[in-house]
Amino acid sequence: AVNGAEEAEILEVLDHHRLGGGLKSTQPNRFINEPVGSTCTLVARQFRASGITPKPGIALCMASGIISDTLFLRSPTTTDTDRDILKWLQTLCDVDLESYATEFFEIGSALRSCTPDEVVREDCKEFEEHGFRFSISQIEEIGFDLFWDRKDDLRASLELLAEKSHLDFSALLITDVVSNGSLLLLSHESEEWDEINYPRLDRNLYQLDNVVSRKKQLLPLIAQLIETSMRS
């Protein structure tokens, strides 16, 4: 949960992440947790179900969340509910969402506007699998040109992040929204990465074609590699 949740009066929860941690409430409340691609899908659906028409700016905000989380409906986390809600939001927005999505990812390029330390911390989540603690950060880009110019600095920032957070390793998933594939950069490598079955391009760097989801694709892959290493 967000920081400070234990001190707040939680009235309602809408989320699409897996459950974890020790979130508690002082009284019963509405809890909606569904396997959709974006929490904004659930929020927009509440608008529609309540007969409330959001203003164009609010509709675009919710559409932006869906576009970001689902890579404009290309991610394997995308559901028919996401598609249906985004189609509804398009009727309420003042812009064409297909053109907007291209501009959205171009302007939102972390590699263009952030320092290496900011890049690896921008969308960073920590996990624990089989006793291993690690982080996975993810950024979305149009092409990998900017990454190749900054990969050494990004690797150094990942190493620093792992050291400061006392993690076994840190990873950065750089996803190309055009080719629908990713590069995986790691702070550290160990023998289990030999079983990854994806091309190794450089030190601590792998090419992951058709991998765009941290939750549904990369995390299970890493968990499998860790489990394999424990059995060997």
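The values are calculated or read from the model by the stated rules, or taken from the named source; none is laboratory data. Given the structure is predicted, the values throughout are model-derived calculations rather than measurements. Reconstructed Cβ throughout: ideal geometry from the backbone, glycine too, with neighbour counts over all protein chains shown. The accessibility values were calculated without ligands, DNA or RNA, using every heavy atom of the protein model including side chains. Shrake-Rupley method; radii C 1.70, N 1.55, O 1.52, S 1.80 Å.
Summary table below
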{"quantity": "Cβ-Cβ under 7 Å pairs, at least 6 apart or on other chains, region 18-30 side under 21 Å from L42 (Cα atoms), far side at pLDDT below 75", "calculated": "L23/A1"}
{"quantity": "Test: residue in region 15-28 that is within 17 Å of the chain's Cα centre (by Cα) and in a strand (DSSP E or B)", "calculated": "yes"}
{"quantity": "Scope region 47-74; condition at pLDDT below 95 and not in a loop (DSSP other than H, G, I, E, B); matching residues", "calculated": "S68, D69, T70"}
{"quantity": "Single residue of region 61-81 satisfying the filter (free of Cβ contacts under 8 Å to residues at least 40 places away in the same chain and touching a Leu at 6+ places or on another chain (Cβ under 9 Å)) that is most open to solvent (accessible area, probe 1.4 Å)", "calculated": "L73"}
{"quantity": "Output for region 82-96, where each listed residue is outside any loop (DSSP other than H, G, I, E, B) and surrounded by fewer than 19 Cβ atoms within 10 Å (Cβ to Cβ)", "calculated": "R83, D84, K87, W88, Q90"}
{"quantity": "Test: residue in region 194-206 that is in contact with a Ser or Thr (Cβ under 8 Å, 6 or more places away or on another chain), in a strand (DSSP E or B) and modelled with pLDDT of 95 or more", "calculated": "no"}
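Residues are listed down the side, and each one gets a yes or a no for (1) open to solvent by 10 Å² or more (accessible area, probe 1.4 Å); (2) within 17 Å of L201 (Cβ to Cβ); (3) out of contact with any Leu (no Cβ under 6 Å at 6 or more places or on another chain):
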{"position": "C114", "(1), (2), (3)": "yes, no, yes"}
{"position": "E128", "(1), (2), (3)": "yes, no, yes"}
{"position": "F134", "(1), (2), (3)": "no, no, no"}
{"position": "S137", "(1), (2), (3)": "no, no, no"}
{"position": "D149", "(1), (2), (3)": "yes, yes, yes"}
{"position": "D152", "(1), (2), (3)": "yes, yes, yes"}
{"position": "K164", "(1), (2), (3)": "yes, no, yes"}
{"position": "S179", "(1), (2), (3)": "yes, yes, yes"}
{"position": "E189", "(1), (2), (3)": "yes, yes, yes"}
